[in-house]
1. Quick one: if you stick a label point 7 Å off each Cα along the C-beta vector at Leu95 and His236, how many nm between them?
2. Give me the three principal axis extents of region 205-267 from the C-alpha atoms, as integers in angstrom, largest value leading.
3. Please give the direction-averaged projected area of the C-alpha convex hull for region 179-229, in square nanometres with one decimal.
4. How far apart, in nm, are two points set 7 Å out from the Cα along the Cα-to-Cβ line at Glu103 and at Arg154?
5. How long is region 160-301 along each principal axis, judged by its Cα atoms, biggest number first, in Å?
6. Any idea what diffusion coefficient region 218-301 gets from Stokes-Einstein, in µm²/s, Kirkwood Rh on alpha carbon pairs, 4 °C, 1.567 mPa s?
7. Evaluate the Debye formula for region 18-77 with equal point scatterers sitting on the alpha carbons, no solvent, and hand back log10 of I(q)/I(0) at q = 0.26, 0.27 Å⁻¹, in q order, two decimals.
8. Could you give the dipole magnitude of the chain about its Cα centre, charging the beta-carbon of Lys and Arg +1 and that of Asp and Glu -1, in debye to the nearest 20?
Amino acid sequence: MGTIAVIGSANADLVVQVDRRPAGGETILGSDLVITPGGKGANQAVAAGLLGGDVRFVGAVGADANGDLLRGSLADAGVDVSRLGTADAATGVALIFVTPDGENSIVVAPGANSAVTPAHVAACEPGWATADLVVMQLEVPMATVECVAATCARAGTRFLLNAAPAAVPPSAVLGACDPLVVNRSEALLLLGDDPGSTADPEQLARRLALLGPRSVVLTLGADGALALEADGSVHHQAARRVTAVDTTGAGDAFVGALAVELAAGGTLAAGLARATDVAAVSVQRPGAQSSYPRASEVGRA
Ligand code: RIB
């Protein structure tokens, strides 16, 4: 089993079930509030840890109850939290509305995640640049993503970037990715395409590869996922048909599972098969980290 360093955000997810999203200027009543551990970085670390990955997490929380919630959830999943700092700011918070179709709308207040600076990650060495795989997302400052990508490129460390939430990283960051992992809307933003474009997924992946990444993974929700390898070969992985109750964090479950396969020396094709299975379990349960399976639940103990 290889080692995985996840560098990224940790949020308390404040979740309300609603019949529909409120319009501008409108107030609606929802369910009672549920607070669960989330944040794209922490979610990916927990997903990988529950699947048996050897995972360390680099991030920051506040000295508050939400910080304790995140620290506990990561540790319970077997993640090394010795590089999880305590910042002079409140733990990041995500305000999440979930509709009956399982879809969500999310607004993140970064809080302590803004303290995950280049200086913070540099101070967390040794320990992450020598991992078999470094995993990042875009909920911490872009300067930090640039710094980590450059360090990985220098050290020859494999770097997986999940470019979410949607944003356009500098070309040096894209050039360091192996793989770049995006969903359709993130891909369209990176390519400068119309958000409503129905472009063929393989064509999207091939155009993303021209931006510099060595390999590309495109997640397609209920349609599974597609990988474009460095040699130009393409794998399409169908998803199991399931009824989604809450898709929050399903993309992070996918990335965590993919990371475990890649860190262990597996292929992108094997990673896709595993990751789509894990994401399918996640969408059938409420919450992000609370919905993630252990290895024994997805066919491998
Ligand atoms: O990807 C889902 C996550 O996005 C949530 O857990 C929320 O915290 C936001 O970071």
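1. My value for the distance between the label points is 4.0 nm.
2. Sorted from largest, the Cα extents of region 205-267 read 37, 26, 18 Å.
3. Mean orientational projected area (region 179-229, Cα hull): 3.1 nm².
4. The two pseudo-label positions are separated by 4.5 nm.
5. 38, 34, 23
6. Values: Rh = 12.8 Å.
It diffuses with D of about 101 µm²/s by this estimate.
7. Log10 of I(q)/I(0), two decimals: -1.02, -1.08.
8. Result for the chain is approximately 420 debye, rounded to the nearest 20.
All of the numbers you see were taken from the coordinates with simple rules; none came from a lab. Keep in mind the model is a prediction, meaning the values are calculated, not measured. Glycine also receives a Cβ, built like all others from the backbone with ideal geometry; neighbour counts cover every protein chain displayed.
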